[in-house]
Amino acid sequence: MAQIKVDGKLIEVPDHFTLMQAAEAAGKEIPRFCYHERLSVAGNCRMCLVEVKGGPPKPQASCAMGVKDLRPAPDGSPPEMFTNSPMVKKAREGVMEFLLINHPLDCPICDQGGECDLQDQAIAFGFDKSRYEEKKRIVDEKYLGPLIKTIMTRCIHCTRCVRFTTEVAGVCELGLLGRGESAEITPYIERAMSSELQGNVIDLCPVGALTSRPYAFTARSWELHKTDSIDVMDAVGSAIRIDARGSEVMRIVPRLNEDINEEWISDKTRFIWDGLKTQRLDRPYIKKGKKLVETSWDEALNVVARNMKKAGNKVGAIAGDLAGVEEMFALKKLLASVGSNNVDCRPVNSVLDANIDRSAYIFNPSIAGIEEADAILIIGANPRYEATILNARIRKAWLKNNMPIALVGEKTDLTYDCQHLGDDVDILKALATGSHKFNKILKKAKKPIIIVGENAISHAGESKKLGRDILAMALMVANNAGALESNWNGFALLHNAASRVGGLDIGFTPQNGGVCSADQIKLAGKGELDMLFLLGADEFDMSAMGQSFVVYIGSHGDAGAHRADVILPASAYTEKSATYVNLEGRVQITNRAIFPPGDAKEDWAIIRAISGKLGKALPFDNLNELRQALYNEHEHLANINGIKAGDISALKKLAKIPAKVKNVEFISAVKNYYLTNPIARSSKVMGQCVQAGNDREQAGQDK
């Protein structure tokens, strides 16, 4: 610890603190443009100047000077700095005057208006006159792709965007070229950026040089109603804020959550909002002949109830990737009322089920715990596409610890150095038996993490035994590496769907004679399953369902709606309060930002209405009653933002090396990052991102 006086107030701070951090610890505000807590120090905007007593006779950049760099006074008293002296005031006014020399001062038409650091700090710390009459410089716009709009004349060269893309996103596609007045931020080559985190530079830019292209000129910040919620585009559960005007979501921005996403979000999370407005199901439909026709809720529910009575217990239900816990719980109860246990929320041929211990299907070390790791082995996953924010945390830990990382699976650029061991089961078996050279690295590590992709233990067309064998071998690797200890559980399953862990927690998997999603579809194709509920489930082969009566409960007109005999329009995640459990096992709740369009209703309310028409009314009439019933059966779901830990001893029992295992190549579950769910496929912006990626690949091939 070190002592320092800030404006006459003596405080004690860690000796690694900068003068800026010390000032903030003393409650003093220090203006800044280039400095950011999560980026390296650049020290180039000079807005954070302070006066140091006994130091050089000029202001000092507080972001770049440490407390330990200061010497005590001749009498031995602690060093002293001033944040509001006449020298500091004059220096800051001078810096602001320089910054505004070439700034266009187009605030009335700037899309950053109302959220601009330059505006705020010019008022608080600037000078009300300018002594410069020369013509302002003009900088050509730069093309960064369909997500980021540039007006580079406004740029003040803080280099936050350059440091973010290089350090956090891991792509070197932005840089500062030139010197003095000729300096420009540039993408080097005029083409779309490739990072899945590029949208975060919009938040980082302290002026209006980088803004959101899809959001441009659509709304002002003070017009928007802001709702805190969580993201469901993947299983990470990033903290977000939904900004809406009237009945429309206008944009989605990140919220601070150190445990999950820090202050970043993925591009899919940020720019998905236009997909919430298109391809929407806003009224019920029933199929008459071969054509879906609009109908009333009463008629649609009667048709569903009539067919359900006729089907008896030959009914199945499959939950999609975006389903909330409440609707899955209600649907499970509805099927149980007719004697059916044919429910599933998993990908085809997944080995995970309600009978397996919770620690086998959650990310046990936690997302924040990745920073404690000193070695990582990734099996059958591509975290860059399956969990972008989690991948950024791995990169952060890699930069900090320079830890070894290895991959068994498809060779790809994960934005950090990664040793590719191979892509088949034989490599995993060698690791499980301890005969691979990477075993020595894992053995030396104190806190290793074994990340297993969901697709690695789910093999379409293969037997479930293969999935069990792969899970067992991965656990054997973890056990031999010392990753399954009382003080450190390093086994981590990487899910790619928001609904998965919550569905597994409530047992939305086949039990007591029930069958999985793949078998339900096969039985439907054979005519042995008379009715099938699709709860936003679109990632399945709809043509294989035969003549089974299909009821689709969802928000978008995707594959499931095209196959349906009855469509019951439901709410999207921005239009309801629903519980989701992220890949760590953390319980979170979305908040309604807007109401669903047209006649669409919340999913659980639709299921409750069906039960009423069926004459087997479920024992809840509102969301609070439903949640109370849910918490009575699954107590841990009442602990919002809490994580129920798994049993390490149960994992050790599962760890084993099969005598014989069929070889198979590991492939990622995500084929196209931007088109993983119905909302994404309805988004024009996501389509533009796909096209930009194709153009980038084509340009690379042309070279």
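Annotations for the structure displayed:
- In terms of its C-alpha gyration tensor, segment 582-701 has an oblate overall shape, because the principal axis ratio a/c (a ≥ b ≥ c, square roots of the eigenvalues) is not below 1.5 and a/b does not outweigh b/c.
- Note on Asp106 and Arg71: the model spin-label points, each 7 Å out from Cα along the C-beta direction, lie 5.1 nm apart.
- Accessible surface of the chain, 1.4 Å probe, proportion on carbon and sulfur as whole %: 49
- Cα centroid separation - segment 242-307 against segment 409-476, whole Å: 37
- Simple label model, 7 Å out from Cα along Cβ direction - Arg137 to Asp541, nm: 6.1
- Leu399-Ala25 FRET efficiency (beta carbon distance; Förster radius 30 Å; 0.05 resolution): 0.70
- The chymotrypsin sites (Phe, Trp or Tyr not before Pro) of segment 215-317 that meet both conditions, a loop assignment by DSSP and at most 16 other Cβ atoms within 10 Å of the site Cβ, are Phe217.
- For the chain, the solvent-accessible area with a 1.4 angstrom probe is 41 square angstrom per residue.
- Looking at segment 545-638 alone, DSSP beta bridges between its own residues are antiparallel in about 40 percent of cases.
- Spin-label zone in segment 357-383 - amide nitrogen under 19 Å from a point set 7 Å from the Cα of Glu485 along the C-beta vector: 364-366, 369-377
- Inter-centroid distance (Cα atoms) of segment 567-621 relative to segment 1-64, Å: 50
- Normalised contact order of the chain, rounded percent, pairs of Cα under 8 Å and 6 or more residues apart: 15
- Cα gyration tensor category, rounded, prolate or oblate, for segment 222-366 with a/c compared to 1.5: oblate
- Counting DSSP beta bridges with both ends in the chain, the antiparallel % (nearest 5): 55
- Degrees, to the nearest 10: 325-336 long Cα axis against longest axis of the chain: 0
- Sites His636 and Lys226, calculated FRET efficiency, Cβ-Cβ separation with R0 45 Å, nearest 0.05: 0.90
- With helices as the sole contributors, the chain gives -8000 deg cm²/dmol at 222 nm; each DSSP H run of n ≥ 4 counts as -39500 (n - 2.57), and the sum is divided by every residue.
- Residues of segment 138-170 with amide N under 19 Å of a point placed 7 Å along Cα→Cβ from Asn694: 145-147
- Trypsin sites (Lys or Arg not before Pro) lying in DSSP loop within segment 430-499, provided at most 15 other Cβ fall within 10 Å: Lys437, Lys446
- Taken along the Cα-to-beta-carbon direction at a fixed 7 Å, the label points for Arg306 and Lys58 span 8.7 nm.
The values are calculated or read from the model by the stated rules, or taken from the named source; none is laboratory data. No experiment lies behind these values; they were computed from the predicted model shown. Methodologically, a virtual Cβ is constructed for each residue, glycine included, from the backbone with ideal geometry; neighbour enumeration extends over all protein chains shown. Protein only, heavy atoms only, side chains kept; ligands, DNA and RNA dropped before computing areas. Shrake-Rupley method; radii C 1.70, N 1.55, O 1.52, S 1.80 Å.
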